[in-house]
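Structure record follows, encoded as structure tokens.
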Amino acid sequence: MKRLARKCIEKLTPYPPGKPIEELERELGIVGSIKLASNENPLGPSPKAIKAIKQNISNIHRYPDGSCYYLRRKLSKKFGLPMNKIILGNGSNEIIKLVVHTFLSPGEEVILPFPTFLMYEKIVQSFAGKIVTVPLLDFSINLSAILTAVSSKTKIIIINNPNNPTGMGLNKKDISQFLHSIPSDLIVILDEAYIEFSTDPDIASSLKLLESYPLLVILRTFSKIYGLAGLRIGYGFASETIVDSMNLVRQPFNVNYLAQAGALAALDDDEFVEKTRTLTQDGLLFLYSQLDRIGLEYIPTQTNFFLIKTPLGAHETFQRMLKEGVIVRSMESFGLNDYIRINVGLPEENKRFIKALEKVLYTKLETG
Ligand SMILES: Cc1ncc(COP(=O)(O)O)c(C=O)c1O
């Protein structure tokens, strides 16, 4: 039979999302499980966003503002960049896709660290791009190895700061040096989905670098620090030329009505952002101290999630934790077979995680 899907699509493997709570409970016939697998905000959505969404619900018979005017205006004020350098997407995932769709021709190369956020690879493959992977060095993105990997076929470099799944951040100075060392015709996507969680002043947004590196695209999301993952809204900063080109490809109503209303209000919710940061830092301190007590290795993070090395291996730990009603992320699909990744939860969820983990590890000892 004639092939239906394009060749590059047939090669794709499905993205392994964090297991939904409802699915686990249905499968195991249990209730009260917790999910620490998708780096979501355990506090829920920004209360200001919830209020704005409720206020706007009766308008959803209208198409949304296709230009996201008010949101771009607010982001422009907040970040001190002109409105025409800002683009909104159906999640920052859509903006990654827009960059690749707009600028990458089949066969051109995209350099990615490995492991990193799995969606990059998938998006590049779906546009028949060639992926060049550069292994992390001590769980950090290796900028000098990426520089060495640049070839005449390279079109895009994607860097995630801090990096998912390792939580390691890159120094502002190193990013700046890197951008000034690469050929000036390369597009660099700098995904800052978790930058608001960083506590190290040297690991901060590279927005300023947009002035000196015109082909830089910086991505942010409302999914994490504002707790709006289910709304699907993210934003990006780039030169006017890049934004204009992406707007040619972008669907006119890519960001829905309620997402725009919720995000607009969330940008004023400094109290919620601060609460999220404090909860994350307190949670990390608790989890680190408990893992030290149990004697498990972990990778300290600049985000709201981190890696834990488990003697049971990633898959077995994931499976056994499921039976305890705790959804963690196995790092097998990221090539880290001995690691699980968890995000910080509410204090009671963090305690439950530790209790379940200890139980799971003890069972291993008893059964040999
Ligand atoms: C590194 C990274 N970038 C982007 C995203 C996607 O964000 P959004 O929900 O805005 O599409 C995620 C989501 O987990 C992520 O981990």
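The values are calculated or read from the model by the stated rules, or taken from the named source; none is laboratory data. These numbers come from a predicted model, not from an experiment. So basically every Cβ, Gly included, is an ideal-geometry build from the backbone, and we count neighbours across all protein chains shown.
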Is the stretch 335-342 home to any residue that is part of a helix (DSSP H, G or I) and surrounded by fewer than 18 Cβ atoms within 10 Å (Cβ to Cβ)?
no
Residues in the stretch 116-133: is at least one away from the ligand (no atom under 15 Å from the Cβ), surrounded by fewer than 19 Cβ atoms within 10 Å (Cβ to Cβ), part of a loop (DSSP other than H, G, I, E, B) and of a type outside the set (A, V, I, L, M, F, W, C)?
no
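Looking at TYR213, is it closer than 29 Å to GLY345 by Cβ and of a type outside the set (Val, Ile, Thr)? Break it down into steps so the answer makes sense when it comes.
Details: closer than 29 Å to GLY345 by Cβ: no; of a type outside the set (Val, Ile, Thr): yes.
When the stated conditions are applied, TYR213 does not pass them.
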Would you be able to say whether some residue in the stretch 184-200 is outside the structural domain of LEU336 (by TED's automatic domain parsing), under 16 Å from the mean Cα position of the chain (by Cα) and farther than 22 Å from GLY236 by Cβ?
no
Could you list, in sequence order, all residues of the stretch 318-346 that are farther than 16 Å from GLY32 by Cβ and over 23 Å from the mean Cα position of the chain (by Cα)?
GLN319, ARG320
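Looking at the structure I just gave you, is SER212 farther than 24 Å from VAL132 by Cα, surrounded by fewer than 16 Cβ atoms within 10 Å (Cβ to Cβ) and touching a Leu at 6+ places or on another chain (Cβ under 8 Å)? Before you say what the answer is, go through the steps one by one.
Values: farther than 24 Å from VAL132 by Cα: yes; surrounded by fewer than 16 Cβ atoms within 10 Å (Cβ to Cβ): yes; touching a Leu at 6+ places or on another chain (Cβ under 8 Å): yes.
Here the answer is yes, as SER212 does meet what is asked.
Return a yes/no flag: does the stretch 154-162 have any residue that is more than 16 Å from the ligand (Cβ to nearest atom) and in contact with a strand residue (DSSP E or B) (Cβ under 8 Å, 6 or more places away or on another chain). Walk me through how you get there before you give the answer.
Taking the stretch 154-162 first, the residues more than 16 Å from the ligand (Cβ to nearest atom) are 154-155.
Among the residues that remain, those that are also in contact with a strand residue (DSSP E or B) (Cβ under 8 Å, 6 or more places away or on another chain) are: 154-155.
Yes; the residues of the stretch 154-162 include at least one that is more than 16 Å from the ligand (Cβ to nearest atom) and in contact with a strand residue (DSSP E or B) (Cβ under 8 Å, 6 or more places away or on another chain).
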In the stretch 304-333, residue nearest to ASP292 (Cα to Cα) [restricted to those that are in contact with a strand residue (DSSP E or B) (Cβ under 8 Å, 6 or more places away or on another chain) and part of a loop (DSSP other than H, G, I, E, B)]:
THR310
Being closer than 24 Å to THR154 by Cα and surrounded by fewer than 20 Cβ atoms within 10 Å (Cβ to Cβ) is the filter here, so list the residues in the stretch 80-102 that pass it.
HIS101, THR102
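What helices (runs of 4 or more DSSP H), lying completely within the stretch 1-109, carry at least 3 residues that are assigned by TED's automatic domain parsing to the domain that holds LEU207, farther than 24 Å from MET331 by Cβ and not polar (S, T, N, Q)?
Values: elements: 7-10, 21-28, 47-56, 69-79, 92-103.
Passing ranges, in order: 47-56, 69-79, 92-103.
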Do we have LEU143 as more than 16 Å from the ligand (Cβ to nearest atom) and either outside the structural domain of ILE158 (by TED's automatic domain parsing) or surrounded by fewer than 18 Cβ atoms within 10 Å (Cβ to Cβ) (or both) here?
no
Restricting the stretch 54-102 to residues that are free of Cβ contacts under 8 Å to residues at least 60 places away in the same chain and within 16 Å of the ligand (Cβ to nearest atom), the residue that is farthest from the chain's Cα centre (by Cα):
VAL100
